[in-house]
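Let me begin by presenting the structure, written as structure tokens, before commenting on it.
The values are calculated or read from the model by the stated rules, or taken from the named source; none is laboratory data. This is a predicted model, so every value here is computed, not measured. Note: ideal-geometry Cβ built from the backbone for every residue, glycine included; neighbour counts use all protein chains shown. With ligands, DNA and RNA removed, areas are computed over all heavy atoms of the protein, side chains included. Shrake-Rupley method; radii C 1.70, N 1.55, O 1.52, S 1.80 Å.
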Amino acid sequence: MVGALISVAEARTRLFAMAPRVASESVPLAAAAGRWAAEAVVARRSQPGADVSAMDGYAIRFADLPGPWRVVGESAAGRSFAGPIGPSEAARIFTGAGMPAGADTVLVQEEAARDGERLMLAGDRPAQRGRNVRRLGLDFSAGDTLIAAGERLTPARIALAATGGHGALTVNRRLTVAIAATGDELVAAGAPLSDPLALPEGNSAMIAALLADLPVDIVQLGIVPDRLDAMTAAFASARADIIVTTGGASVGDHDLVRPALEAAGGSIDFWRIALRPGKPMLAGRLGEAVVLGLPGNPVSAYVTAILFLLPLISAMAGAENPLPRQLPATLAEPLAANDHREDYLRARMTDGRVTFATIQDSSMLATLARADCLVVRPSHAPAATVGDTVPVIPLA
């Protein structure tokens with residue numbers, strides 16, 4: 001029911017249910033970075049594609065040890081020795097070069113002494129056949145799944161896909177996110193302040209910065225005054241997959257996000273979460289767009305963006321696991337028992353131990369800026385003592 005406090009887990013479930021994954025598209029590798037694979041990426045070739053040397057040295061037959069050998073050619077990356085290696089023969093070889101036919105071991109150059117075409121063992125005898133050789137398919141073989149559907153395309157996975165024979169990948173399309181800040185007290189960041197109670201608007205830039213490494217295009221709707229007609233017009237004009245507002249989602253006379261959304265033809269799915277900070281967040285739909293009404297207090301806006309907006313974008317963009325990453329940490333100071341609201345405390349972690357800010361007021365940006373993690377306290381969590389393990393969400 002709209003207005004009833006719901007848990008963070010239920011809010012996420014309902015939010016994800018409103019937002020199916022967007023359509024997929026094929027893009028070049030350079031445009032796929034930071035997106036999620038919409039389908040499994042399967043190797044079209046093996047790596048390495050043949051037996052290759054792992055070191056600079058000499059390709060030999062293990063059976064010919066301890067030598068000597070006659071050097072009959074050279075094998076370099078991209079320019080392999082064409083002939084076979086016969087008994088007591090060797091080929092100069094470089095890292096990544098193909099192993100000549102007949103050779104099965106690489107004698108590294110520090111283990112060899114060469115006089116013209118005569119090669120002799122100068123170091124320890126290789127302990128086993130195949131030493132310093134990377135076998136065909138050591139990294140992966142043709143037909144192997146390199147990247148599962150729903151995995152994020154990190155730089156390493158981009159390189160893996162390229163080496164596997166792919167020049168383009170299938171990903172979900174980029175999303176458009178529209179951001180609006182509400183409030184008569186707000187002025188543009190950097191503008192002169194004639195009123196000491198005026199507030200430079202920073203939530204829009206903060207939200208955009210949180211989304212900087214996600215596959216989204218951001219539309220800034222600017223500051224919307226506390227008037228129902230202005231807020232309704234802002235909703236009606238937004239063309240986006242997700243519309244994010246900050247402020248105006250509570251119960252005051254000037255909190256107009258809910259009535260404006262309905263006046264624009266939208267609907268509210270849920271409002272108010274058993275969460276601290278961020279209780280007055282709301283979510284709904286406007287046409288095909290998902291609407292998130294975040295609190296105006298900057299810390300509350302930040303925390304709800306971490307808990308809901310980023311996972312929503314990740315889920316719509318195809319992430320298999322869109323939820324924030326949590327790590328275990330050890331308390332360096334005690335925590336009191338928690339009430340019915342799930343708590344997210346600004347904290348710092350040093351060598352796996354967390355200390356948290358004494359004052360957790362949701363307006364205190366300096367405290368947030370100094371934090372590098374959020375300590376997660378479930379609803380009705382019992383008191384915790386120094387040395388207890390708690391989950392944290394890393395912020396950096």
- Per the list (1) over 17 Å from Ile179 (Cβ atoms); (2) touching a Pro at 6+ places or on another chain (Cβ under 6 Å), residue check on Ile273 breaks on (2)
- Do any strands (runs of 3 or more DSSP E) entirely within the range 257-298 hold 2 or more residues that are open to solvent by 10 Å² or more (accessible area, probe 1.4 Å), and if so, which? 267-271, 282-286
- Message: Just checking, does the range 194-207 include any residue being touching a strand residue (DSSP E or B) at 6+ places or on another chain (Cβ under 9 Å) and of a type in the set (Val, Ile, Thr)?
- Response: yes
- Report yes if some residue within the range 33-54 is open to solvent by 50 Å² or more (accessible area, probe 1.4 Å) and among the β-branched types (Val, Ile, Thr); otherwise report no. yes
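Taking strands (runs of 3 or more DSSP E) that do not extend beyond the range 91-133, which have at least 3 residues that are in contact (Cβ under 8 Å) with a residue 24 or more places away in the chain and either closer than 23 Å to Gly49 by Cβ or out of contact with any Cys (no Cβ under 7 Å at 6 or more places or on another chain) (or both)?
Those strands (runs of 3 or more DSSP E) span 105-108, 118-121.
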- If the Cβ limit is 7 Å and pairs must be 6+ apart or interchain, which residue in the range 356-376 that is within 20 Å of Gly247 (Cβ to Cβ) pairs with which residue that is among the polar types (S, T, N, Q) and not in a strand (DSSP E or B)? Ser362/Asn297; Ser362/Ser300; Ser363/Asn297
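Could you say which residue among Ala396, Ala381 is more than 30 Å from Gly34 (Cβ to Cβ), assigned to a loop (DSSP other than H, G, I, E, B) and either touching an Asp or Glu at 6+ places or on another chain (Cβ under 7 Å) or small (Gly, Ala, Ser) (or both)?
Testing whether each residue is more than 30 Å from Gly34 (Cβ to Cβ), assigned to a loop (DSSP other than H, G, I, E, B) and either touching an Asp or Glu at 6+ places or on another chain (Cβ under 7 Å) or small (Gly, Ala, Ser) (or both) leaves just Ala381.
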- Task: State all residues of the range 174-205 that are surrounded by 15 or more Cβ atoms within 10 Å (Cβ to Cβ) and within 18 Å of Ala240 (Cβ to Cβ); if no residue qualifies, say none.
- Result: Arg174, Leu175, Thr176, Val177, Ala178, Ile179, Ala180, Ala181, Thr182, Asn203, Ser204
